[in-house]
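First up is the structure itself, then whatever we jot down about it.
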Amino acid sequence: MADAKSETQSSNQMWGGRFASGPDAIMEEINASIGFDKKLYAQDIRGSMAHATMLAHQGIISTEDRDKIVGGLQAILKEIEDGTFAFSRKLEDIHMNVEARLAALVGPAAGRLHTARSRNDQVALDFRLWVKEELQKTERMLSALIAAFLDRAEEHADTVMPGFTHLQTAQPVTFGHHCMAYVEMFGRDRQRVRHAIEHLDESPIGAAALAGTGFPIDRHMTANALGFREPTRNSIDTVSDRDFALEFLSIAAIAATHLSRLAEEIVIWSTPQFGFIRLSDAFSTGSSIMPQKKNPDAAELVRAKTGRINGSLVALLTVMKGLPLAYSKDMQEDKEQVFDSAESLELALAAMTGMVRDMTVRADRMKAAAGSGYSTATDLADWLVREAGLPFRDAHHVTGRAVALAEQKGCDLAELPLEDLQAINPAITDKVYGVLTVEASVASRTSFGGTAPANVRQQIAWWRGRN
């Protein structure tokens, strides 16, 4: 039978070389969150100051203790921002790191700070504050991207380009109209951000562990001090809710998807085969072996960030799935996903705003491509309905025959002789040529939301009024 020492050595070997002290080391490794939640230091200190101020106002702690606590917290904030604060893994998280340092600075008064609160409502507060601030930053960055598109749309309200369905030439549109499509997308993203801020604008502090507290606290006072609309209304839900984090990730995933679609178009448009735009050197890289290459790496990386953000959303949804009320340690896995996605989204928005403002639009290449693929075929069909009185299905058939003839002759619809068109349908007159140019086509699309340059300018003005 092996002795106790050899059994201990054998057990330690099972845990692997990284965990020299066995199960205790593993528990420290899995339990500690200070490596990432130290990002919440400013929110943690701000929340503690508000809590201490409220406790003193309610007569739960003395004003002397409040002053010591607030002074100590201000000193800790400066230490962290100066880079002199020593974070400890053994103290697990940002809350205990701050509290331990506070005790070292102000003595027994520090122990009164945790009266009428728990780490459960404390972390809910810190995280809500951080997400709220990040959403406000996201709103500003989306507004900057929208403004960049509005400027490009105004500049190119008359610039004709091909519109696509299935990535095949469909009908002529203007580049300004195309830009405004992204204004609509990012405008919806910005509206989702505003709604999310409204949804989370409730203060968790005072819910304590899960049941509230018997101390005569004033949760409305702390909510007001911390910039929240009001306190949360159910203590159990308060400490177990991460909807605000899920909503942030959902917004980030949708916005990243929009950015990815734009990035894909930038990649395509910047190819020699399209040549619709030229990216500056600031957002391109060269090839290590092919000197002629100019790669749209910034756009490609924006496109790739979408997968990372989507993964974070799925990860946190899975963490929260099936958790019983109220708090569970599983919820410690919420922050890294949000922090990483926030960083990725910020970078993608900044890069895309730069690319939109910086790219050179090649209007000549766009116009040349706008007429390709018989893009004015629908205009011919519409003319036959309006001027010749044909039912649209008959007009569609006639137009199809005209396209087939143009393909056979190797010319555009506008280059078909009138006699050839009249051989297909005698009702066609020379007036039809007035709708077969790409300029006439886009000018005719005057329905609300259409691509006519006048419409584009109206929409730009409307968005500038909203912005």
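The values are calculated or read from the model by the stated rules, or taken from the named source; none is laboratory data. If you're wondering where the values come from, they're calculated on a predicted model, not measured in any experiment. So basically every Cβ, Gly included, is an ideal-geometry build from the backbone, and we count neighbours across all protein chains shown. Protein only, heavy atoms only, side chains kept; ligands, DNA and RNA dropped before computing areas. Shrake-Rupley method; radii C 1.70, N 1.55, O 1.52, S 1.80 Å.
Listed values for the stretch 209-218 are Karplus-derived 3J(HN,Hα) couplings in whole Hz (6.51 cos²θ - 1.76 cosθ + 1.60, θ = phi - 60°), namely 5, 5, 10, x, 9, x, 6, x, 6, 10, and x replaces Gly and Pro.
Treating only the Cα positions of the stretch 26-112 as identical point scatterers, give the base-10 log of I(q)/I(0) from the Debye formula at each q in 0.17 Å⁻¹. Each listed q corresponds, in turn, to -0.68. Highest mean packing first, where packing is the average number of other Cβ atoms within 10 Å per residue, the peptides 268-281, 77-90, 163-176 line up as 163-176, 268-281, 77-90. Think of each Lys and Arg Cβ as +1 and each Asp and Glu Cβ as -1; about the Cα centre, that makes the dipole of the stretch 369-465 roughly 500 debye. Other residues within the sphere of radius under 14 Å centred on the Cβ of ASN455, judged by their own Cβ, net out at -1 (K and R +1, D and E -1). Partner aspartates and glutamates whose Cα lies under 16 Å from the Cα of LYS90, excluding those fewer than 8 positions away in the same chain, are identified as ASP24, GLU28, GLU29, ASP37, GLU99. The fraction of accessible area contributed by carbon and sulfur in the stretch 26-112 is 52 percent, rounded to a whole number (1.4 Å probe; ligands and nucleic acids excluded). Eigenvalues of the alpha-carbon gyration tensor of the chain, scaled by 5 and square-rooted, set the equivalent ellipsoid semi-axes at 62, 27, 20 angstrom, largest first. Relative contact order of the chain: 16 percent, from C-alpha pairs under 8 Å at least 6 residues apart in sequence. Shown is the FRET efficiency for ALA104 and THR257, computed with R0 = 35 Å from the Cβ-Cβ distance and rounded to the nearest 0.05: 0.15. Taking the Cα centre of the chain as origin and assigning +1 to Lys and Arg Cβ atoms and -1 to Asp and Glu Cβ atoms, the resulting dipole is close to 280 debye. Sorting 25-37, 445-457 by their mean Cβ neighbour count within 10 Å, with the most densely packed peptide first, gives 445-457, 25-37. Simple rule: put +1 on each Lys or Arg Cβ and -1 on each Asp or Glu Cβ in the chain, find the dipole, and look at PRO296, GLY275, SER444; the Cα lying farthest toward the positive end is SER444.
Residues whose amide H comes within less than 5 Å of that of ALA170, counting only those at least five positions distant or on another chain, are GLY163, PHE164, THR165 (H built at 1.01 Å from N in the peptide plane). Estimated at the nearest 10 Å², the accessible area of TYR374 is 50 Å² with a 1.4 Å probe. The HN-Hα couplings worked out from phi for the stretch 43-55 by the Karplus form 6.51 cos²θ - 1.76 cosθ + 1.60 (θ = phi - 60°) are 5, 5, 5, 4, x, 5, 4, 5, 5, 5, 5, 5, 4 Hz, whole numbers, x standing for Gly and Pro. Summary of packing: across the peptides 325-333, 300-308, the per-residue average of other C-beta atoms within 10 Å ranks them, highest first, as 300-308, 325-333. The 3J(HN,Hα) values that the Karplus relation (6.51, -1.76, 1.60; θ = phi - 60°) gives for the stretch 401-406 are, in residue order, 5, 5, 4, 4, 5, 4 Hz. Gly and Pro appear as x. For LYS409, no lysines have a Cα falling under 18 Å of its own Cα, not counting residues fewer than eight places away in the same chain. A Förster distance of 45 Å, applied to the separation of the beta-carbon atoms of ASN224 and GLU29, puts the FRET efficiency at 0.65.
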